[in-house]
Amino acid sequence: MAATDLERFSNEEKRNLSLGGHVGFDSLPDQLVSKSVTQGFSFNILCVGETGIGKSTLMNTLFNTTFETEEASHYESTVRLRPRTYDLQESNVHLKLTIVDTVGFGDQINKDESYRPIVEYIDTQFEAYLQEELKIRRSLFNYHDTRIHVCLYFITPTGHSLKSLDLVTMKKLDSKVNIIPIIAKADTISKSELHKFKIKIMSELVSNGVQIYQFPTDDEAVAEINSVMNAHLPFAVVGSTEEVKVGNKLVRARQYPWGVVQVENESHCDFVKLREMLIRVNMEDLREQTHTRHYELYRRCKLEEMGFKDTDPDSQPFSLQETYETKRKEFLGELQKKEEEMRQMFVNKVKETEAELKEKERELHEKFEHLKRVHQEEKRKVEEKRRELEDEMNAFNRRKVAVETLQSHSLQATSQQPLKKDKDRKNFFSLPSAYSITTGRYVN
Ligand code: GTP
Ligand code: MG
């Protein structure tokens with residue numbers, strides 16, 4: 001359908017018609033209810049508060065059951081989030097409840113990064129939902145939605161003011177989750193102090209720009225109660241799993257030497273207000289706000305980060321197809337650029353290595369030539385020496401032959417004329433006794 005046809009169609013006047021009889025589409029709300037009931041609901045609560053502040057006790061009190069009683073250690077090196085999911089049933093309504101605990105919150109000496117694991121956990125749940133949504137074959141119908149619907153922020157009942165850790169954490173979370181601040185262990189603070197403490201907390205939240213969840217006042221049915229309850233924030237709560245007999249009734253309470261604090265007594269604490277607002281009146285709004293406000297914000301930022309946009313620079317609608325094409329072209333361009341860079345880098349590297357190898361070859365060649373020269377010189381010297389020695393040997397041999405000949409002659413002469421005279425004997429014995437190679441003469 002062309003755009004102009006679409007415009008004409010949407011501008012067409014809608015006519016109100018009265019029906020002649022009962023058709024049956026007035027059962028649509030019942031159909032929705034029955035479908036929702038069959039499907040069941042999921043609700044995810046994040047409890048942020050220091051170790052031992054009463055998180056588990058409050059959860060057990062809120063749902064009137066015992067989820068867990070395990071104590072966390074005070075020696076965790078970082079904040080860790082621990083989700084636990086429970087299947088609950090009331091009448092024929094099934095609720096998949098996930099309670100996420102912040103283990104080790106407020107126990108580190110340096111608390112600068114304490115908020116980070118909480119933010120990361122919330123974002124991870126949003127991301128998982130987004131990934132499911134972006135799948136070609138989505139199964140959102142039976143998808144276990146783990147996005148946090150409400151964050152109960154447990155404030156320590158100091159009676160003074162909020163700690164900087166509380167302000168920083170709430171500030172980091174307020175755009176990601178519905179925050180309901182509560183003053184924990186409210187039985188440890190007096191009535192007048194509590195009143196002043198509540199005012200102080202609210203003014204600190206406002207002055208630091210922390211957005212907490214406001215119970216909706218746009219639905220007439222709950223507008224009045226919600227606006228009254230908004231004025232009671234932060235709720236001062238008391239939790240207890242103990243049952244104490246008050247009159248002839250067993251009630252959840254905390255017993256002290258001076259009296260009993262009843263959890264469900266509105267003049268003792270705001271526990272009932274919290275339960276009403278959280279579970280009975282605004283559970284669906286919390287789920288809706290999570291989807292339409294917080295998740296939507298996450299999704300928008302994420303898609304924009306990925307390069308998707310709704311309008312082009314001239315404020316014209318930008319279709320998903322166009323965005324995809326542009327992104328694809330950008331990506332291919334970038335890929336080609338990278339490939340070219342890599343190729344150039346490779347060529348340069350090869351050239352460098354080639355030059356290095358050539359230089360090495362030249363050096364080796366020079367070394368070889370030098371060694372060859374040295375070797376030839378040595379060879380020449382040895383040759384010379386050998387010749388000298390040969391000459392000397394020849395001379396020696398010649399002299400030796402001469403001496404032998406001389407000796408043989410003298411021996412012959414001696415055998416023919418026996419030695420009689422002393423002079424002859426002397427001459428005979430004064431023959432050379434040694435022959436010098438260097439001088440080539442006989443020495444005495
Ligand atoms: P971790 O899980 O160990 O961080 O503790 P937690 O925050 O879950 O606290 P938990 O519910 O285990 O309670 C810690 C202690 O505080 C227990 O002894 C509870 O009985 C006590 N406690 C819980 N709620 C209240 C309360 O409203 N008032 C008072 N006075 N004590 C409470
Ligand atoms: Mg606990």
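The values are calculated or read from the model by the stated rules, or taken from the named source; none is laboratory data. Remember, it's a predicted structure, so these values are computed and weren't measured experimentally. Please note: Cβ atoms are built from the backbone with ideal geometry, for glycine as well, and neighbour counts cover all protein chains shown. Side chains included, ligands, DNA and RNA excluded: accessible areas come from the protein's heavy atoms. Shrake-Rupley method; radii C 1.70, N 1.55, O 1.52, S 1.80 Å.
Restricting region 17-54 to residues that are part of a helix (DSSP H, G or I) and charged (D, E, K, R) leaves a set whose member that is nearest to ligand 1 (Cβ to nearest atom) is Lys35.
Annotation note: of Lys176, Lys172, the sole residue that is in a loop (DSSP other than H, G, I, E, B) and either closer than 18 Å to Thr290 by Cα or open to solvent by less than 20 Å² (accessible area, probe 1.4 Å) (or both) is Lys176.
For region 96-116, which residues satisfy the criterion of being out of contact with any Cys (no Cβ under 8 Å at 6 or more places or on another chain) and within 15 Å of ligand 1 (Cβ to nearest atom)?
Selection gives Val103, Gly104, Phe105, Gly106, Asp107, Gln108, Ser114.
Looking only at residues in region 59-88 that are surrounded by 11 or more Cβ atoms within 10 Å (Cβ to Cβ) and in a strand (DSSP E or B), the one that is farthest from ligand 2 (Cβ to nearest atom) is Leu88. Considering region 211-256, the residues that are touching a Pro at 6+ places or on another chain (Cβ under 9 Å) and β-branched (Val, Ile, Thr) include one that is nearest to Arg293 (Cα to Cα), namely Ile212.
Leu194 meets all of the listed conditions (1) away from ligand 1 (no atom under 15 Å from the Cβ); (2) farther than 21 Å from Asn44 by Cβ; (3) part of a helix (DSSP H, G or I) but one, namely (1).
From the list Lys309, Lys400, Lys372, the one residue that fits, being in contact (Cβ under 8 Å) with a residue 12 or more places away in the chain and open to solvent by less than 100 Å² (accessible area, probe 1.4 Å), is Lys400. Against the list (1) open to solvent by less than 30 Å² (accessible area, probe 1.4 Å); (2) more than 16 Å from ligand 1 (Cβ to nearest atom); (3) within 35 Å of the chain's Cα centre (by Cα); (4) not small (Gly, Ala, Ser), the condition Leu152 fails is (2). In region 8-58, the qualifying residues are those that are small (Gly, Ala, Ser), touching a residue at least 40 places away in the same chain (Cβ under 8 Å) and closer than 30 Å to Lys185 by Cβ, and the one that is farthest from ligand 2 (Cβ to nearest atom) is Ser42.
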